[in-house]
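The values are calculated or read from the model by the stated rules, or taken from the named source; none is laboratory data. The structure displayed is predicted, hence computed values, not measured ones. Every residue, glycine as well, gets a Cβ built from its backbone with ideal geometry; the counts of neighbours run over all protein chains shown.
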Amino acid sequence: MARQQKINYFTNLEKKSMFELKYKTPFEWTKVVIENFDEFLQDHAGAEKKASGMAMGMLGHYPDKIKLVRAMTDLAIEEMIHFKQVVKLLNERGETLGRDKKDDYVKLIRTIIRQGKDHYLLDRLIVAGVIEARGHERFSLVAQALSEGKEKEFYVAIAKSEEKHKNLFIELACEYYDEKRVMARLDEVLTFEAEICMKLPFTAALH
């Protein structure tokens, strides 16, 4: 009985975490990426490194939340593995890592995070989930556009990973907050994120 209840519980969480972005990235973005793929890889490497740091920071802020700590520990390790894989692709193409660049998208979307004990963690989790959802969408577009080979296979796998991460953050939000509240706030963040994406120029970067 206990096992069945656990299965049902996580099935419900998966349903909660299924959401759609309100802005669909057009083909023009993908074209810019493919035409400047080395630059995109450098940006991707930086994004993976920052994502790992974000996970480490979050578990450091909430050491009393067992499920969050466990999830963020696994996520930090996975993101650094992805970072290593992107660096390997860069080196195979005769390119170096490059310097981290300012990410206007992340900077802007984080402005919606409210202060205060009752709001801050909820907003951090939801914003992280939406960022991962955008990564899932755009890595999927890159995978579709690449020719058959190692790089295409890598981006197919990365896209699947981002989808799991997107779901993870919303599942964690539902773990610590009322589901209706989570979904209402998620809708607000998705609307805000769509407005940001519509205004930003297309570059050879994830965001």
Cβ pairs under 7 Å, 6+ apart, first in the range 28-48 and free of Cβ contacts under 8 Å to residues at least 40 places away in the same chain, second assigned to a helix (DSSP H, G or I) and crowded, with 20+ Cβ neighbours inside 10 Å | Glu48/Glu79; Glu48/His82; Glu48/Phe83; Glu48/Val86
For the range 172-183, what are the residues that are touching a residue at least 12 places away in the same chain (Cβ under 8 Å) and part of a helix (DSSP H, G or I)?
-> Leu172, Ala173, Cys174, Glu175, Tyr176, Glu179, Arg181, Val182, Met183
Does at least one position in the range 21-35 carry a residue that is within 22 Å of Asn91 (Cα to Cα), buried (at least 16 other Cβ atoms within 10 Å of the Cβ) and not aliphatic (A, V, I, L, M)?
-> no
Just one of (1) more than 23 Å from Leu89 (Cα to Cα); (2) small (Gly, Ala, Ser); (3) without any contact (Cβ under 8 Å) to a residue 24 or more places away in the chain trips up Ala194, so point out which.
-> (3)
Residues Leu89, Leu97: which one is under 21 Å from Phe37 (Cβ atoms), at pLDDT 95 or above and in contact with a Leu (Cβ under 8 Å, 6 or more places away or on another chain)?
-> Leu89
Residue list for the range 63-99, restricted to those being within 16 Å of the chain's Cα centre (by Cα) and hydroxyl-bearing (Ser, Thr, Tyr) = Thr73
Is it the case that the range 55-75 has a residue that's at pLDDT 95 or above, in contact with a Ser or Thr (Cβ under 7 Å, 6 or more places away or on another chain), in a helix (DSSP H, G or I) and closer than 20 Å to Gly135 by Cα?
-> no
The listed residue being on the phi < 0 side of the Ramachandran plot, at pLDDT below 95 and outside any helix (DSSP H, G or I), out of Ser147, Ser161 | Ser147
Sort through Phe202, Phe169, Phe154 and tell me the only one that's under 30 Å from Leu90 (Cβ atoms), in contact with an Asp or Glu (Cβ under 6 Å, 6 or more places away or on another chain) and either part of a helix (DSSP H, G or I) or not hydroxyl-bearing (Ser, Thr, Tyr) (or both).
-> Phe202
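In this structure, does Lys101 turn out to be of a type in the set (Lys, Arg), touching a residue at least 60 places away in the same chain (Cβ under 8 Å) and assigned to a loop (DSSP other than H, G, I, E, B)? Break it down stepwise before answering.
Numbers: of a type in the set (Lys, Arg): yes; touching a residue at least 60 places away in the same chain (Cβ under 8 Å): yes; assigned to a loop (DSSP other than H, G, I, E, B): yes.
Considered against the rule, which asks whether it is of a type in the set (Lys, Arg), touching a residue at least 60 places away in the same chain (Cβ under 8 Å) and assigned to a loop (DSSP other than H, G, I, E, B), Lys101 comes out as yes.
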Consider Phe154 against the criteria (1) among the aromatic types (Phe, Trp, Tyr); (2) touching a residue at least 60 places away in the same chain (Cβ under 8 Å); (3) under 23 Å from Glu195 (Cα atoms): it satisfies all of them except one. Which criterion is unmet?
-> (3)
